[in-house]
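The values are calculated or read from the model by the stated rules, or taken from the named source; none is laboratory data. Please read all numbers here as calculations on a predicted model, not as lab measurements. Methodologically, a virtual Cβ is constructed for each residue, glycine included, from the backbone with ideal geometry; neighbour enumeration extends over all protein chains shown.
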Amino acid sequence: MERPSSPEPNKRWGFRRPRRLRTIALLPTLITLGNGVCGVVAIFKIGQYMAGGNEKTAQAAAWLILVAMVFDALDGFVARLTRTASSFGAQLDSLCDLITFGVAPGFLTYAMTRNDVNEYWARPVQAVCVLYAMCALIRLARFTVETAPDESAHREFAGLPSPAAAGVMAAAVLPAVQLSGFGFDGLVKAIHAALPGLALATGILMVSRVKYAHVVNRVLKGRRPFITLIEIALVIALLFLFREFAFFIAFFGYAVTGPLFWLKKRVFRRPLAAGQLTEERHDNLF
């Protein structure tokens, strides 16, 4: 049967011609692709580490995942600032995020733990790494469907953002590599053993409905006292000086704020009025 070519047969046979994409917002798209490039190169680095490279190669992959977060924070902001937000940009951002913050951290977790687990635990660790990537996929698909392009929809997140989850996993590798150079082999093995559990916890938090604040919008948007600039400068200086440890503390601290505030609201909540039942349903864990 020949495929119909005229509009009328298309309608008759149920075919619908795809709408062609004629223009794109160049600057936000390039920034988003920078995120994707970091993710792909990070996967290359992880492959080199698994093929016999030293742990500095794995550390480079972790740094690439963290650098990609800068691109991820900028692309949406630039698109909204220039009023060029589009469905194409949202879909491209989700695909790049899946590579960089889903596949790469899961692959990195497997690469760092494969030599520290016995044959009995090898398959569960592989399953956890795959589950982490699938949770990131679900999280990104849900975010794309539920989030509006306007700025008011970016004040908080439902579930741990995938860049923050990837930040926890990538930043956990940095101190392990650093400590390995100083001969703390026992502590390094303990960190490697904890990575699958950390991946499982962050994966569950990604698909949860636990509320997380949008740090960039909360801190940088609007006018702030002058002392805020000094505080941000001090934080950046500390991150640079103790980067191998400070990044993990920062990302892990952010990840646990969601469950802590959720538990606080559950334990110390007041009796709800009839009109507040809808808000209570939106505050469920999943």
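Contact map, segment 101-118: first residue closer than 28 Å to Asp72 by Cβ, second residue buried (at least 23 other Cβ atoms within 10 Å of the Cβ) and of a type in the set (Phe, Trp, Tyr), Cβ cut-off under 8 Å, separation 6 or more or different chains; pairs are Gly102/Tyr132; Pro105/Tyr132; Gly106/Tyr132; Thr109/Tyr132.
Which of the residues belonging to segment 93-151 are more than 17 Å from the chain's Cα centre (by Cα) and among the β-branched types (Val, Ile, Thr)? First the steps, then the outcome.
The first filter runs over segment 93-151 and keeps only residues more than 17 Å from the chain's Cα centre (by Cα), leaving 110-127, 148-151.
Within segment 93-151, Thr113, Val117, Val125 qualify.
Quick check on Thr113: is it crowded, with 16+ Cβ neighbours inside 10 Å, more than 23 Å from His214 (Cα to Cα), touching a helix residue (DSSP H, G or I) at 6+ places or on another chain (Cβ under 7 Å) and of a type in the set (S, T, N, Q)? When the stated conditions are applied, Thr113 passes them.
Checking each residue of segment 95-117 against the condition of being farther than 20 Å from Ala61 by Cβ and in a helix (DSSP H, G or I) gives no match.
Surrounded by fewer than 16 Cβ atoms within 10 Å (Cβ to Cβ), in a helix (DSSP H, G or I) and modelled with pLDDT of 80 or more: which single residue out of Val168, Val216, Val145 fits that description? First the steps, then the outcome.
Working: Val168 fails: surrounded by fewer than 16 Cβ atoms within 10 Å (Cβ to Cβ); Val216 fails: modelled with pLDDT of 80 or more.
Step by step, each of Val168, Val216, Val145 is checked, and only Val145 is surrounded by fewer than 16 Cβ atoms within 10 Å (Cβ to Cβ), in a helix (DSSP H, G or I) and modelled with pLDDT of 80 or more.
Is there a residue being outside any helix (DSSP H, G or I) and surrounded by 15 or more Cβ atoms within 10 Å (Cβ to Cβ) anywhere in segment 75-84? Don't jump to the end; show me each part of the working.
At the first step, the residues of segment 75-84 found to be outside any helix (DSSP H, G or I) are 82-84.
Those left that are additionally surrounded by 15 or more Cβ atoms within 10 Å (Cβ to Cβ): 84.
Checked segment 75-84: at least one residue is outside any helix (DSSP H, G or I) and surrounded by 15 or more Cβ atoms within 10 Å (Cβ to Cβ).
Scanning segment 158-200 for residues that are out of contact with any helix residue (DSSP H, G or I) (no Cβ under 8 Å at 6 or more places or on another chain), touching a residue at least 40 places away in the same chain (Cβ under 8 Å) and of a type in the set (A, V, I, L, M, F, W, C) returns no hits.
Please work out if Ala176 is at pLDDT 85 or above, in a helix (DSSP H, G or I) and buried (at least 16 other Cβ atoms within 10 Å of the Cβ). Spell out how you get there, then give the answer.
On the way: at pLDDT 85 or above: no; in a helix (DSSP H, G or I): yes; buried (at least 16 other Cβ atoms within 10 Å of the Cβ): yes.
No; evaluated as a whole, the condition is false for this residue.
Checked across segment 247-261, the condition of being at pLDDT below 85, farther than 21 Å from Phe101 by Cα, exposed (fewer than 13 other Cβ atoms within 10 Å of the Cβ) and of a type in the set (A, V, I, L, M, F, W, C) holds for no residue.
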